[in-house]
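**Q** Let me give you the structure first, and then I'll get to my questions.
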Amino acid sequence: MKHYRFGIIALSLLMWAPALAAPRLPYLPGTEYDPTIPDLKSVVGHDWGDDLTTHAEILEYVQTLASRSPLVQIVRSGETWEGRQLIYLTITSAANQQKLEQIRQAMQRLADPRSVSDQEAAELIPELPAVVWLTYGIHGNETSSPEAALLLAYHLAAARNNEPVNRILEECVVIVDPIQNPDGRDRFIGFFNQNRGRRPNPDPDAVEHVETWPGGRTNHYLFDLNRDWFVMSQPESRARVRAFLEWRPIVFADQHEMGSNATFFFPPPSPPQSPHVSERQAHWLSSFGRNAARWFDSFGFDYFTKEVFDAFYPGYGSSWPAMHGAIGILYEQASVRGLVVDRSDETRLHYSDAIQHHFIASLSTIENAAEHRSELLRDYYDFRKSAIQKGLDGPIKEYIFPARGDRDRLAKLIRILQEQGVEVKQSTSPFRNSQVRSSLSVAPVETEFPAGTFVISLAQPSSPLLQTLLDPTVPMEESFVEEQLRRQENREPDQIYDVTAWALPQMFGIETWIAEAASQGSFELLDQPASSPGQVFGEPAHLAYLIPWNRVSSARALVKLLAHGVRVHTTERSFVLDGVLYPVGSLIVKLRDNPPNLESMIREISESSGAQVYSTDTGWVDEGVNLGSNYVRYIKPPRIALVWGPPTHPYSAGWTRYLLEQQYDLDVTVIHGSAVRSIDLKKYNVLILPDTMNRSGISLEMLLGKAGAGQLSEWMSQGGTLITLGSATVWAASEEAGLLATLREFRKDPKSKDAEKPAGEPGSVSIEPERELPASTPGAILRILIDSEHWLGAGYERDAAVMVQGRNIFTPIKLDKGINIARFTQREDLVLGGFSWKESLDQLAGSSYLIYQEVGSGHLVAFAQDPNFRAHFDGLNLLFLNGILFGPSY
C-alpha cells in the first residue's frame, strides 16, 4: 500500500470557530459532498442536530446510504431484548470492499502469531488495511454520538475530491457501530418527546432535561452495557464481542457523554492503569490524544485529559479491547440531554455542538490510525506475540479448573472465556501436577485432578485478558493507592471510578488452581462450548426421583417442575441414599399424586435444565432423615412481586428481574413502589425490595412510612416472605420501620487529631466527626461464611464470595431475634480481591451479610449487599433463590 504523511487540517479550518448559535452543516467547512449521496435530512426529514434520531430512523438512513454508496456495507450482528436490530457498517475504499473477507482473515492470522511467522507478518502488514472500530451510544441517553456516527458515515461516503478521506479509505477499514443500545436510546427519545415544549428549553431544570425512572442509560433489563463486556450477560454485549473477534480491530474508540458543564475528554486516561497495558499501548493513547488535541485546538474546542476517567475495570469499551492488544480509546462529550442546554459558565451548548465534537474526535482517530497504520499493525502483532512468550516464561503457566463442585457454574465460566477467544483444554483422564497452588495461597503443592478438568494455558495470545479476569486482584499503582489513603484520611472523595475486583472464579464460586508448571497428561482442545448436560441415574423410579440441592441446575429444574404442576418436596435435613449425599434443600419428586407421565417429564426437564436426577424405589436411607420425615416439606409455588420504579435503583431492580426471568425462567410481577401500600399483597407470597437510589433507606421511609412498614409486617405474619437488598435492608433495620431487629453500624472509635497537634503549629486542624458512617468500600470481593444447615443457606458447603460496595455494616442479630445465615469472616481471611480501607475491613469482619428473622408465619430475609450485582455473581444465585423458592413453604 502507499504511505502518506497527513497534514492535520486545511488552513481554512484554522480560521473557523463555532459561534454560540447552533452551527449547521458543513460540520467540516470546506468539504465538498457528492449530491447523489443522501444526507440525513433527505432521508428522515431533519438535519443533524435539529432533532433526535430514533433507532428506526438510524436504520433507514444507513440502509439508504449503503444502497447509494459502494463504500458502505451493513452487517446485522444481533438483536436486543425488545427486538431492535443491532448493526454495524464497514466503510472503506471500493477496492477494499471487494476483498473484505480476505482482510478479515488476514487480521485473524495476525492476531495469532503461532500461525504466522515474523517474516510472514512482515510481508502481510504493508498490504493490510488497519481495522478501526468506532462505537457510539452504549448509554441510550447519551444521544449525540450516534448522530456523529451517521455524520461520519456520510462524510466518508460522500466527500468528493478529498485527499484525506481517500487516504483513510485506502489505509483503513472503518467499522462504525452507530448505536450499541437501541432500547435505551428509544426510551430516552420517547421521554424527551413526551416532555418537550413548543421550542427547546435551555433551562437545565426543565422537565425535558430531567429524566424519570429508569432513564435511558440502560438496556431493557436496566443493565449498564459498559460494565458487561467480560461477562456478556446481555444480547447486545454478546453480539458486540462476536463481531469484535471476527474482525480483530487494532484501534477501538468508544464515544460517551458526561455532565453538561464539562467539556470533552480524550486520552490519556486517568490512573490507575492496568499492569497488562503495554508501554506501546500507552504510547499510542497519547498519540491519539495529541492528534485529537490538534484538531480541537484548531476549532477552539475545550478538552481535558488524564482526569476522572480511567481504563482499569475490564468491563469498559475502552479497556476490554486493550486486553486483546487493541488501542482502546474513550471519548466523553458534555451532554445536552435534549437539543440545547445552558451551562454554569453562562454559555449555551447545542445538540449540534456535541455532534460536531464527536464527529471531529472520530475523524482525528481514523486519521491517526491511517497515518500510523503499519506501526499500529506491527505493535498489535508484537503485543499478541509477547503475550504468548510471557505465558511461556512467566511464573504462572496455567489455570486449572477441576471437574467437581457445581459443574453448571463451571461450564458457564468456561463458555464465557471461550466466547472471548480464550483457548481451553480438557483432560480425558486424571492427572497430577506437583506445582499448583490455590488462587490465594503461596506455597505450591501436588494435587490430583479428575478427568474432565479444564486447563487454560497462558501461552496464548489472550493471556493478558486471562490474567485480568482470573487473578484475584489486579494491582493498582502504589502512588495511586497512597493518594486514595491520603484522601480517605482527610475525608476527601476517592478517585476510584468503579469496582476494584472482578475475578470470575470468585464471582462464580469455582475451585481454581494456579499452576507454576505445565500439566502433563492427556488433553483435548475444547472446540465446542463447554456444557454440563443433565442426567437421570437409574431405571424409571417406582417411588421417587431425587435431585441434590448443590447446583444451580437444581433450581432451574425445580422451577420447571412447578411450572408443569408437579408436586415437589424438599428436605431441611441432609440424608444419604444408595451412597449419594442429599444436602439440605434437596428435592424429592414422588410418583404418588403426580402426573402419570412423570418419568418422561423428569427426563425432559433434566436435559433442558442440566440437573442431575436419581431414581429410587425405596425411602430407606443409609443416613439422615427418611423421605417421609417431618423434616420433608411440600414446596408451595412462589408468587413473586418485585418492587419496580422509584425509589428502587434501576440497576438493582433490573439485575434482579433479569436473574429471575432470564436465568431461572421464574414469573415475576413487577409492581410500582407507590402501589405497595394500596394493592392486595395477599396475592403474593414473596416480595422483593431491591436496593434504592438513596443508600440511606430514607426514600423507602418517605414512600412507605410507619403505616407501610406495619402493612408489610402484617403480611409477613400471615406467611409472606420479604426479601430486602442493600439499602432496603437499611430501611428495614431503621427505627422508623422497625422490621429488622439489628442495627446499621456507624464508624467505630473516632479520634480527634488536633489533640496530637503541637500548640501554635500552623495549618488547619482536622477533627474527625463524633458520629459518621464507615468509609465507603469501593467495590471489593470479600468472603462470607454460610450456615449451610439452614434452608436459606442450602446448597453451600461453607463459604462464598460477595461484592461489597458502600457503607453498609450490620451488627449480627441476637439469637433470640433471628439467625445470621451468612457473616463476613474474620479479618485475616476476609479479603478475596480488590481494595478497601483498613478501618472498614476491620469493622466488616464478623458482621452480618444475610440475616433471617421469623415474623409470625412468614419471614424477613435481609441482605446487607445486593447479591445480584451486575448478574456477575452466579456463586450467590442459590443464596438468593432459597428465600424465593423455599420461603413460602416454611
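**Q** Could you list all residues from the range 45-104 that are among the hydroxyl-bearing types (S, T, Y), under 30 Å from V340 (Cα atoms), open to solvent by 20 Å² or more (accessible area, probe 1.4 Å) and in a loop (DSSP other than H, G, I, E, B)?
**A** T54
**Q** While we're on this one: Just name the residue that is modelled with the lowest pLDDT out of those in the range 684-720 that are in a loop (DSSP other than H, G, I, E, B) and charged (D, E, K, R).
**A** Applying the filter and picking the extreme gives R695.
**Q** Determine which member of the set L134, L110, L128 is closer than 19 Å to A361 by Cβ, open to solvent by less than 10 Å² (accessible area, probe 1.4 Å) and of a type in the set (A, V, I, L, M, F, W, C).
**A** On inspection, the qualifying residue turns out to be L134.
**Q** Also: Has the range 780-791 got at least one residue that is on the phi < 0 side of the Ramachandran plot, at pLDDT below 85 and in contact with a helix residue (DSSP H, G or I) (Cβ under 7 Å, 6 or more places away or on another chain)?
**A** No, the conditions are met nowhere in the range 780-791.
**Q** Report the residue count in the range 393-441 for those that are farther than 18 Å from G875 by Cα, crowded, with 17+ Cβ neighbours inside 10 Å and among the hydroxyl-bearing types (S, T, Y).
**A** Within the range 393-441, residues that are farther than 18 Å from G875 by Cα, crowded, with 17+ Cβ neighbours inside 10 Å and among the hydroxyl-bearing types (S, T, Y) number 2.
**Q** If you check I360, I355, I329, which single one turns out to be assigned to a strand (DSSP E or B) and open to solvent by less than 10 Å² (accessible area, probe 1.4 Å)?
**A** Checking each option against the conditions leaves just I329.
**Q** Given the conditions (1) of a type outside the set (K, R); (2) under 29 Å from I168 (Cα atoms); (3) touching a Gly at 6+ places or on another chain (Cβ under 8 Å), which single one is not true for A387?
**A** (2)
**Q** Regarding E346, is this residue farther than 29 Å from D494 by Cα, among the charged types (D, E, K, R), at pLDDT 95 or above and assigned to a loop (DSSP other than H, G, I, E, B)?
**A** Answer is yes for this residue.
**Q** Go over the candidates I125, I175, I179, I138 one by one and state the one that is assigned to a helix (DSSP H, G or I) and touching a residue at least 60 places away in the same chain (Cβ under 8 Å).
**A** I125
**Q** For residues that are out of contact with any Leu (no Cβ under 8 Å at 6 or more places or on another chain) and over 27 Å from D224 (Cα atoms), scanning just the range 651-684, find the one that is most open to solvent (accessible area, probe 1.4 Å).
**A** That would be K682.
**Q** May I pose another question? Condition first: in contact with a Ser or Thr (Cβ under 6 Å, 6 or more places away or on another chain), among the aromatic types (F, W, Y) and surrounded by 16 or more Cβ atoms within 10 Å (Cβ to Cβ). Can you find one or more residues in the range 496-503 that meet it?
**A** Looking through the range 496-503, none of the residues is in contact with a Ser or Thr (Cβ under 6 Å, 6 or more places away or on another chain), among the aromatic types (F, W, Y) and surrounded by 16 or more Cβ atoms within 10 Å (Cβ to Cβ).
**Q** Check whether at least one residue in the range 544-556 is modelled with pLDDT of 95 or more, open to solvent by 10 Å² or more (accessible area, probe 1.4 Å) and more than 30 Å from T428 (Cα to Cα), and report yes or no.
**A** Within the range 544-556, not a single residue is modelled with pLDDT of 95 or more, open to solvent by 10 Å² or more (accessible area, probe 1.4 Å) and more than 30 Å from T428 (Cα to Cα).
**Q** Residues of the range 601-636 being crowded, with 17+ Cβ neighbours inside 10 Å, aromatic (F, W, Y) and out of contact with any strand residue (DSSP E or B) (no Cβ under 7 Å at 6 or more places or on another chain), which ones?
**A** Result: no residue meets the conditions.
**Q** Can you name the strands (runs of 3 or more DSSP E) wholly within the range 392-463 that have at least 3 residues being in contact (Cβ under 8 Å) with a residue 40 or more places away in the chain and touching a helix residue (DSSP H, G or I) at 6+ places or on another chain (Cβ under 8 Å)?
**A** So the answer is 454-457.
The values are calculated or read from the model by the stated rules, or taken from the named source; none is laboratory data. Keep in mind the model is a prediction, meaning the values are calculated, not measured. Using ideal geometry, Cβ is built from the backbone for each residue, glycine included, and neighbour counts are taken over all protein chains shown. Keep in mind that these areas ignore ligands, DNA and RNA; they rest on the heavy atoms of the full protein, side chains included. Shrake-Rupley method; radii C 1.70, N 1.55, O 1.52, S 1.80 Å.
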